[in-house]
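The values are calculated or read from the model by the stated rules, or taken from the named source; none is laboratory data. Only a predicted model underlies this, so the values are computations on that prediction, with no experimental measurement involved. Don't worry about glycine lacking a Cβ; one is built from the backbone with ideal geometry, like all the others, and counts go over all protein chains shown. Keep in mind that these areas ignore ligands, DNA and RNA; they rest on the heavy atoms of the full protein, side chains included. Shrake-Rupley method; radii C 1.70, N 1.55, O 1.52, S 1.80 Å.
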Amino acid sequence: MSTELSRTIEELGKSFEEFKAAQDERLAQVELAQNRIPAPGNGPVEPESGFLPSKFCVTLEGQRIPVLEKSQKLSDYFRPQEGEQDFSLGDYVKASMGLRSKAVTRGPETVPTAVSMNIIDAVRTKSRVMQAGSMTIPIEGKTNLLRIEGDPTVFEHSEGVEDISESEPSFTNVELDPGALVAAIPLTMEIVQDSLNLDAALQTSITAAMARKLDSTALSTILADTDIPTNAGESPAVARDTETWSGVLSAVGDMLALDMDVPTAMIANAADYIARAGQQADSAGNWLGAPPILSGMADLQTTGIDAGRSVLGGFNLGFAVAVRHELRLEVIRFAKHKSATHVLVAYARMAGYVIQPNALFIQDKDG
């Protein structure tokens, strides 16, 4: 065999190996993309965003909907469209007021997906119920989920003995149909024209306002749910003060007596939070701190719950926030004409739902 023929055969062999490796890589990428969660309304997810669908989604009417833990981001599931990265809330406001701006869109506007998701992720990061571990479910329309209200009875069977009775788990439907959270922000022409950080300031303001309202409505939903265990109405012999660690520990004792788990998070009033943080173990000024059994519990505060009450438990199991993934804006020009002030209205649809009442517990100082 000539040297030239040998070289040709060797080069063909190398080319075939390179082709085979490229095809294997392409097939691997296709398989990986098929196993990713499709973002609602926005096509398949980039492979790099990756959560396994078996663990991080639910299937409803053939559509896989991601269920996100608090550390995961909605923005990972929505690919930016061309030009979205250039969208600026500040420029949009300027354009809507007739001022010189890079933006060309005026009137009611759906914020581009990438920007919208980043703002909603910021709301989730700031919200106490999300910090406590609540799940996030992005939806496109009304969606029903099962709520677990009771478990079936399990019997120990003895051979040949009729000792098993039928029992069914107790499920009810929860319709996820969040209402709108709306922020109306007055803006003067001078502020809009003269503020170089207008875009960042607007995003920060909208984030803080929506997070506070989300917490307020979510906690109201929890406190109004009569299926969530509570010590309220029991006239306890042991004080369950929300402002002392001993009182919190008594409430945890109530939870354990109901075969519940040690809570992973607690949300209480800001004044109660500071009172517990200020407890000292002795006159020498040593801080008391949480009991060892609660050292891993997230201790969170908000003004969205009254002093004397708190919510404890596994928020990752018991509570979820449904998000309609669009954020909308509208500038009402000269809404306050006497002061030459415009109003930026920002609204998004999100709300919290109890999906497993027995995963949460309501502590009531007054019993």
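Taken over the stretch 178-224, the criterion of being assigned to a loop (DSSP other than H, G, I, E, B) and open to solvent by less than 50 Å² (accessible area, probe 1.4 Å) is satisfied by Pro178, Gly179, Ser195. Within the stretch 293-308, residues that are in contact (Cβ under 8 Å) with a residue 12 or more places away in the chain reach partners that are open to solvent by 40 Å² or more (accessible area, probe 1.4 Å) and aliphatic (A, V, I, L, M) with beta carbons closer than 6 Å, at six or more positions or on different chains, in the pairs Ala307/Ala271. Residues considered: Ala208, Ala184, Ala132. Of these, the only one that is among the hydrophobic types (A, V, I, L, M, F, W, C), at pLDDT 80 or above and out of contact with any helix residue (DSSP H, G or I) (no Cβ under 7 Å at 6 or more places or on another chain) is Ala184.
Set side by side, the residues Met266, Met260 differ, and just one is open to solvent by less than 30 Å² (accessible area, probe 1.4 Å), in a strand (DSSP E or B) and either among the acidic types (Asp, Glu) or more than 27 Å from Phe334 (Cα to Cα) (or both), which is Met266. From the residues in the stretch 345-361 that are among the aromatic types (Phe, Trp, Tyr) and modelled with pLDDT of 90 or more, which one is nearest to the chain's Cα centre (by Cα)? Ranking the qualifying residues of the stretch 345-361, first place goes to Tyr353. Every condition in (1) assigned to a loop (DSSP other than H, G, I, E, B); (2) closer than 22 Å to Leu181 by Cβ; (3) at pLDDT 75 or above holds for Gly107 except the one numbered (3).
If a residue counts only when it is open to solvent by less than 20 Å² (accessible area, probe 1.4 Å) and more than 14 Å from Arg128 (Cα to Cα), which strands (runs of 3 or more DSSP E) contained entirely in the stretch 296-367 have at least 3 such residues?
Details: elements: 298-302, 309-313, 319-336, 341-354, 360-364.
The strands (runs of 3 or more DSSP E) meeting that bar are 319-336, 341-354, 360-364.
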